[in-house]
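Below: one structure, written as structure tokens.
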């Protein structure tokens with residue numbers, strides 16, 4: 001009979017390296033305490049790596065270029081926590097602007113809006129993931145792309161949006177499904193007007 005530890009490791013091997021997870025993923029293998037202890041033992045043995053409080057990964061190892069462990073992305077870690085807590089999240093702040101493609105600057109920390117509680121999660125190398133509570137309207141969008149456009153443009157602000165960013169946004173809009181009228185209605189008047197004009 002396999003131990004909880006062996007069951008977890010077998011499951012991870014089947015899923016493949018690079019996967020990020022929380023202990024909740026293996027709740028069906030035993031009690032919360034048994035699962036947590038098994039994960040702690042796997043972590044101590046170097047089979048898995050703790051990447052944030054409550055989040056682990058079955059590490060992908062890059063050998064050709066000598067990069068070593070490939071850690072989960074901000075999005076993968078944030079999504080793990082959101083799934084565990086059964087909350088909705090979306091990129092926010094400068095991170096959303098970068099994700100949309102309107103900035104080449106990659107923030108040291110990733111910010112997300114959530115319908116859950118606001119908090120800060122420390123990850124490796126002094127970086128953090130910050131969750132900020134947002135109004136329900138932020139999560140009313142049909143399209144995650146429309147939601148990202150809304151959040152990113154709101155972060156930049158009407159007065160700070162450059163002609164270069166507007167030109168880039170026009171190209172981005174061409175590459176994505178057209179934003180619906182329903183989603184446009186959720187946006188500030190100036191954002192709706194801008195997007196409508198860029199579609200013409």
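The table below lists the values:
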| item | result |
| --- | --- |
| Residue among 158, 132 that is touching a residue at least 24 places away in the same chain (Cβ under 8 Å) and in contact with a strand residue (DSSP E or B) (Cβ under 6 Å, 6 or more places away or on another chain) | 132 |
| Criterion: touching a helix residue (DSSP H, G or I) at 6+ places or on another chain (Cβ under 8 Å), in a strand (DSSP E or B) and either over 29 Å from residue 176 (Cβ atoms) or not assigned by TED's automatic domain parsing to the domain that holds residue 19 (or both) - qualifying residue of 106, 121 | 121 |
| Test: residue 148 is touching a strand residue (DSSP E or B) at 6+ places or on another chain (Cβ under 7 Å) and either under 20 Å from residue 107 (Cα atoms) or not assigned by TED's automatic domain parsing to the domain that holds residue 105 (or both) | yes |
| Meets criteria (modelled with pLDDT of 95 or more, over 30 Å from residue 155 (Cβ atoms) and either not assigned by TED's automatic domain parsing to the domain that holds residue 156 or not in a helix (DSSP H, G or I) (or both)) for residue 38 | yes |
| Yes/no for residue 175 being under 15 Å from residue 99 (Cα atoms), over 23 Å from the mean Cα position of the chain (by Cα) and in the same structural domain as residue 109 (by TED's automatic domain parsing) | no |
| Residue count, segment 88-103 (criterion: assigned to a strand (DSSP E or B) and under 28 Å from residue 163 (Cα atoms)) | 3 |
| Meets criteria (in contact (Cβ under 8 Å) with a residue 12 or more places away in the chain, in contact with a helix residue (DSSP H, G or I) (Cβ under 8 Å, 6 or more places away or on another chain), over 28 Å from residue 173 (Cβ atoms) and surrounded by fewer than 19 Cβ atoms within 10 Å (Cβ to Cβ)) for residue 52 | no |
| Residue that is surrounded by the fewest Cβ atoms within 10 Å (Cβ to Cβ) [pool: residues in segment 104-129 that are free of Cβ contacts under 8 Å to residues at least 12 places away in the same chain and closer than 22 Å to residue 165 by Cα] | 104 |
| Given (1) modelled with pLDDT of 90 or more; (2) outside the structural domain of residue 99 (by TED's automatic domain parsing), number of the condition residue 86 does not satisfy | (2) |
| Flag if residue 29 is within 30 Å of residue 147 (Cβ to Cβ) and either outside the structural domain of residue 156 (by TED's automatic domain parsing) or buried (at least 16 other Cβ atoms within 10 Å of the Cβ) (or both) | no |
| Within segment 1-35, considering residues that are out of contact with any strand residue (DSSP E or B) (no Cβ under 8 Å at 6 or more places or on another chain) and part of a loop (DSSP other than H, G, I, E, B), the one farthest from residue 70 (Cα to Cα) | 1 |
| Residues located in segment 138-174, provided they are in a loop (DSSP other than H, G, I, E, B) and either surrounded by 21 or more Cβ atoms within 10 Å (Cβ to Cβ) or modelled with pLDDT under 95 (or both) | 141 |
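The values are calculated or read from the model by the stated rules, or taken from the named source; none is laboratory data. Because the structure is a prediction, the values reported are computed rather than measured. Cβ coordinates were reconstructed from backbone atoms using ideal geometry, including for glycine residues, and neighbour counts include every protein chain displayed.
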